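Trainee: Structure in structure tokens, see below.
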Amino acid sequence: MPKISKKGILMPESPIRKLAPYAEQAKAQNKEIYFLNIGQPDIPTPKHALDAVKNHDLDILSYSPSSGFDSYKTKLAEYYQKNGIRITKDELIVSTGGSEALMFAMGSVTDPGDEIIIPEPFYANYNGFATASNVTVKAVKSNFEDNFALPAIEKFEEQITSKTKAIVMCNPGNPTGYLYTKEEVQQLADLAIKHDIFIIADEVYREFTYDGAKHHSIMNVEGLENHAIMVDSVSKRYSMCGARIGCIVSRNKELMKTAMKFAQARLSPPTFAQIASEAALDTTNEYFEEVNKEYVSRRDTLIEALSKVEGVKVAKPKGAFYCIAELPVDDAEDFAKWLLSDFDHNGKTVMVAPAAGFYSTPNTGLNQIRIAYVLEEKHILDAVSILEEALKAYKS
């Protein structure tokens with residue numbers, strides 16, 4: 001039999017999706033499942049975005065330009081400018097989701113054997129993108145006890161070698177919900193300039209910030225023009241995960257010229273999804289105010305409920321819609337599987353994401369889970385009560 005590639009064998013499974021067979025088994029047993037494992041908002045997609053697709057007048061479903069439709073890029077640049085990020089349409093390329101934008105960025109700045117530095121825990125697919133690019137992840141661990149704030153900048157500098165090409169950050173963070181301060185963003189920027197490396201900033205949760213805190217974009221740091229690469233997506237912002245539209249943004253002309261080659265190689269981003277995404281840009285601020293109010297309420301409900309469960313600790317997020325919880329178990333993945341395969345409470349159970357998959361350091365986060373608070377509050381409360389009963393039964 002022909003051999004599978006080493007790269008393919010090393011490609012990590014998604015901690016978010018790899019328990020799906022257990023969920024299917026639970027469904028077959030007629031269990032009702034609360035899905036807290038995946039960041040799929042239940043917030044309705046803006047109607048005008050859906051209507052733009054329904055009411056199209058296309059005769060031919062043709063390719064778009066490799067960089068995306070000019071009308072969408074123009075409107076997208078205006079969106080960034082309204083949000084204080086001075087970007088022109090020529091400084092962005094439309095991608096098939098934020099994932100492809102990350103692949104474009106990694107492909108443009110790294111060669112096989114190079115290294116990237118990421119504060120952990122981090123979005124699990126960064127590991128996958130690095131593996132696909134034959135790049136080594138060097139992790140700098142943040143701490144549960146301080147809500148996963150940026151580790152001391154000296155820890156990052158200790159990891160920098162001649163092979164280091166970029167620091168990758170997610171702000172606000174997935175899976176932690178941590179929102180970096182202006183000072184923390186500046187510290188990373190100073191380090192990138194000092195060592196002449198890139199910063200790849202995943203800013204897809206920009207709108208979701210709480211408690212009066214503000215998002216600080218890497219694109220607004222003075223002097224970082226040739227070092228900053230921003231990755232973005234419509235998935236969470238407009239509850240359009242299925243659209244698969246994102247973008248890569250940089251003022252570095254050579255970087256964007258290189259990324260364009262990758263964009264040309266995959267031909268073009270999807271036409272209908274760009275039509276919906278362009279229309280979504282007409283969404284009013286009131287929409288985001290209401291959505292943020294909803295997520296704050298859900299977050300507070302979840303944190304309060306979890307804090308009452310014996311043995312459970314939870315870090316309070318200031319952005320996105322995720323949190324990390326520590327459970328009184330030795331192996332959260334085994335517990336997560338057991339929840340689906342062997343447990344139910346009144347015919348219901350819960351699906352969570354084991355947090356070990358959000359670390360690259362082995363044997364880290366083994367007793368942690370990531371929870372996405374993307375359900376209505378009544379369902380969140382029910383899910384936590386089920387989790388509480390499950391922990392009692394699992395320990396016994």
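Trainee: Take the alpha carbon atoms of the stretch 157-184, find their center, do the same for the stretch 10-63, and report the distance between the two centers in whole angstrom.
Mentor: 28
Trainee: Classify the stretch 252-364: rounded, prolate or oblate, from the alpha-carbon gyration tensor (a ≥ b ≥ c, eigenvalue square roots; a/c under 1.5 rounded; otherwise prolate if a/b is larger than b/c)?
Mentor: Details: a/c = 2.26, a/b = 1.62, b/c = 1.40.
Cα axes put the stretch 252-364 in the prolate bin.
Trainee: Can you list the lysines whose alpha carbon sits under 22 Å from that of LYS253, skipping same-chain ones fewer than 8 residues off?
Mentor: In chain and number order, the partners are LYS73, LYS75, LYS89, LYS165, LYS194, LYS261.
Trainee: Arranged from highest to lowest average of other beta-carbon atoms within 10 Å per residue, in what order do the peptides 370-379, 272-281 appear? The partial results should precede the final answer.
Mentor: Details: 370-379: 20.0, 272-281: 22.0.
So the peptides 370-379, 272-281, ranked by packing, come out 272-281, 370-379.
Trainee: List the residues whose amide H sits under 5 Å from the amide H of TYR34, counting only those 5 or more places along or on another chain, with H placed 1.01 Å from N in the peptide plane.
Mentor: Close amide H contacts, sequence-distant or interchain: THR349, VAL350, MET351.
Trainee: Sticking with this structure for a sec: Using helices alone, what [θ] at 222 nm do you get for the chain, with -39,500 (n - 2.57) per DSSP H run of 4 or more residues, divided over all residues and rounded to the nearest 500?
Mentor: Numbers: 13 runs with 152 residues, N = 396.
The helix-only estimate for the chain comes to -12000 deg cm²/dmol at 222 nm.
Trainee: May I pose another question? With the convex hull built on the Cα atoms of the stretch 220-284, state its orientation-averaged projected area in nm².
Mentor: Details: hull surface 21.8 nm².
Answer in nm², one decimal: 5.5.
Trainee: At what distance in angstrom do the alpha carbon centres of the stretch 335-370 and the stretch 121-146 lie from each other?
Mentor: Their Cα centres are 19 Å away from one another.
Trainee: Given a 1.4 Å probe and heavy atoms of the protein chains only, how would you sort MET1, MET256, largest accessible area at the top?
Mentor: Numbers: MET1 205, MET256 15 Å².
In descending accessible area the options line up as MET1, MET256.
Trainee: Given Cα pairs under 8 Å that are at least 6 residues apart, what percent is the relative contact order of the stretch 207-344?
Mentor: Values: 109 pairs, mean separation 27.9, N = 138.
This gives 20 percent for the stretch 207-344.
Trainee: Determine the share of the stretch 1-149's accessible area contributed by carbon and sulfur atoms, expressed in whole percent, with a 1.4 angstrom probe.
Mentor: On the way: 4130 of 7830 Å².
Carbon with sulfur: 53 percent of the solvent-accessible area.
Trainee: Let me ask something additional. Using a basic spin-label model with each label point 7 Å from the Cα along Cα→Cβ, how many nm lie between ASN134 and GLU158?
Mentor: Result for the modelled spin labels: 3.0 nm.
Trainee: So for the stretch 13-156, averaging the separation of alpha carbon pairs under 8 Å that are six or more residues apart and normalising by length, what relative contact order in percent results? Before the final figure, lay out each step's value.
Mentor: On the way: 99 pairs, mean separation 21.2, N = 144.
Answer for the stretch 13-156 is 15 percent.
Trainee: Determine how large the accessible area of LYS395 is when every protein chain is in place; take a 1.4 Å probe and give Å² rounded to the nearest 10.
Mentor: 120
Trainee: While we're looking at this one, here's another question. How much length would be gained if the chain were fully extended between GLU13 and PHE288, taking 0.36 nm per residue of separation minus their Cα-Cα distance, in nm to one decimal? Please report the intermediate quantities before stating the final value.
Mentor: Details: separation 275, 0.36 × 275 = 99.00 nm, distance 3.29 nm.
Stretched fully, the GLU13-PHE288 segment lengthens by 95.7 nm.
Trainee: Here's another thing I want to ask about it. Using the Cα centre as the reference, give the magnitude of the dipole from point charges on the C-beta atoms of the chain (Lys, Arg: +1; Asp, Glu: -1; all else neutral), rounded to the nearest 20 debye. Mind showing how you got there, number by number?
Mentor: Numbers: 44 positive and 54 negative charges, 164 e Å.
The calculation lands at about 780 debye.
Trainee: What relative contact order, as a whole-number percentage, does the chain give when Cα pairs under 8 Å and 6 or more residues apart are counted? Walk me through the intermediate numbers first.
Mentor: Values: 771 pairs, mean separation 99.5, N = 396.
Answer for the chain is 25 percent.
Trainee: Further, regarding this structure: Percent of Cα-Cα pairs more than 26 Å apart in the chain, please.
Mentor: In whole percent, the share of Cα-Cα pairs in the chain beyond 26 Å is 54.
Trainee: Here's a follow-up. Once phi is turned into θ = phi - 60°, what whole-Hz ³J(HN,Hα) does the Karplus curve with 6.51, -1.76 and 1.60 give for every residue of the stretch 203-218, x standing for Gly and Pro?
Mentor: My calculation for the stretch 203-218 gives 10, 5, 9, 3, 6, 9, 10, 10, 6, x, 6, 10, 7, 10, 7, 5 Hz in order.
Trainee: I've got another one for you. For the stretch 287-395, which whole percent of the accessible surface, found with a 1.4 angstrom probe, sits on carbon and sulfur atoms? Intermediate values should be presented prior to the final figure.
Mentor: Values: 1920 of 4350 Å².
For the stretch 287-395, the apolar C and S fraction of the accessible surface comes to 44 percent.
Trainee: For LYS138, which aspartates and glutamates qualify as cross-link partners when the Cα separation must be under 18 Å and same-chain residues fewer than eight apart are set aside?
Mentor: Hits, sequence-local ones excluded: ASP111, ASP114, GLU115, GLU120, GLU154, GLU157, GLU158, ASP196, ASP202.
Trainee: What full-extension length gain, to one decimal in nm, is calculated for ASP300 and GLU377 as 0.36 nm per residue of separation minus the Cα-Cα distance? Don't jump to the answer; show the numbers that get you there.
Mentor: Numbers: separation 77, 0.36 × 77 = 27.72 nm, distance 0.96 nm.
Roughly 26.8 nm would be gained on extension.
Trainee: On average, how much accessible surface per residue is there in the stretch 71-219, in Å², for a 1.4 Å probe, leaving out ligands, DNA and RNA?
Mentor: Numbers: 5490 Å² over 149 residues.
Each residue of the stretch 71-219 exposes 37 Å² on average to a 1.4 Å probe.
Trainee: Subtracting the Cα-Cα distance from 0.36 nm times the residue separation, let me have the gained length for ARG86 to ASN220 in nm, one decimal. Don't skip to the end; give the middle numbers.
Mentor: Details: separation 134, 0.36 × 134 = 48.24 nm, distance 0.79 nm.
Between ARG86 and ASN220, full extension yields 47.5 nm more.
Trainee: Let me ask something else. How do the peptides 67-77, 199-209 rank, highest first, by the average count of neighbouring beta carbon atoms within 10 Å per residue?
Mentor: Going by the mean number of other Cβ atoms within 10 Å, highest first, we get 199-209, 67-77.
The values are calculated or read from the model by the stated rules, or taken from the named source; none is laboratory data. Just so it is clear, the model here is predicted, and its values are computed rather than measured. Methodologically, a virtual Cβ is constructed for each residue, glycine included, from the backbone with ideal geometry; neighbour enumeration extends over all protein chains shown. What goes into the accessible areas is simple: the full protein's heavy atoms, side chains included, and nothing from ligands, DNA or RNA. Shrake-Rupley method; radii C 1.70, N 1.55, O 1.52, S 1.80 Å.
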